[in-house]
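The values are calculated or read from the model by the stated rules, or taken from the named source; none is laboratory data. Since this is a predicted model, take the numbers as computed values, not measurements. Backbone-built Cβ (ideal geometry, glycine too); neighbour counts: all protein chains shown.
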Amino acid sequence: MWVFPLGAALVSSYFSGLLATQFRSRPRPNLLAWSIALGMFGVASGAAAVGALVGWSPLTFRIYYLFGAVLNVPVLALGTLYLLAPRRVADGAAVVTMIASIGAAVVILGANLNPGGLATEGIPRGSEVLSENVRMLSATSRSSGFWSSSAARCGRPSGLRANVSLGSSGLLWPICSSRWGPRSSPSQARLPGSRRDQQRISCSRLVCSSASV
């Protein structure tokens, strides 16, 4: 079962690098945010591969849950805000995201884990490892995918489609949790903007990686 998360880690890391290269040539914050989000997905998938291959440790699960179930979606949504919303709105959201990410990291890294929930050959379920209070971070993170809905005020018709796609992907994550099988199909969201800005972020949904809440 470790092959699929490893493949997801490699593919998402590749696309993260592509976006980082574009950011260096055209320093636009939306490209940076998407690159970071895909990098986080790669880290989470890598942790899942290690856990499935050699067994889950508390540190492996914390990394997987933090980057895959908590931090990923808000940063991905932040990129959409930078593309569609007024700059001051996106900058404000970036500050909030940074502060919230630091707080979430402190909570996840210091949370008490149920060792019995880690004794699995697949992906541990968040409900069997973490307390309900801690798992609320994941639910809040997924709902924050709708931050980008404010970007529809910019008057771009395509913005609303991107917002619905982004939010729906975030809400579908827990349903797909622990299913690293070959039937998992990527959702390909075409981001609005100029032709050069329309990056297909299919690798971020190659395999559903978020832990269930």
Count - residues of the stretch 74-85 that are assigned to a helix (DSSP H, G or I) and over 16 Å from ILE36 (Cα atoms): 1
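Quick grid of which residues meet (1) under 15 Å from the mean Cα position of the chain (by Cα); (2) surrounded by fewer than 24 Cβ atoms within 10 Å (Cβ to Cβ):
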position	(1), (2)
SER35	yes, yes
VAL50	no, yes
TRP56	no, no
LEU59	no, yes
TYR64	yes, no
Index of the failed condition, ALA119 passing every other in (1) in contact with a helix residue (DSSP H, G or I) (Cβ under 9 Å, 6 or more places away or on another chain); (2) within 25 Å of PHE4 (Cα to Cα): (1)
The stretch 116-138, subset free of Cβ contacts under 8 Å to residues at least 24 places away in the same chain and acidic (Asp, Glu), residue nearest to THR60 (Cα to Cα): GLU128
Meets criteria (closer than 21 Å to GLY126 by Cβ, at pLDDT 95 or above and not charged (D, E, K, R)) for MET1: no
Helices (runs of 4 or more DSSP H) lying entirely in the stretch 86-175 (those with 3 or more residues that are surrounded by fewer than 16 Cβ atoms within 10 Å (Cβ to Cβ) and modelled with pLDDT of 50 or more): 87-110, 132-143
Residue match in the stretch 9-22 (condition: surrounded by 20 or more Cβ atoms within 10 Å (Cβ to Cβ), modelled with pLDDT of 95 or more, assigned to a helix (DSSP H, G or I) and more than 15 Å from the chain's Cα centre (by Cα)): yes
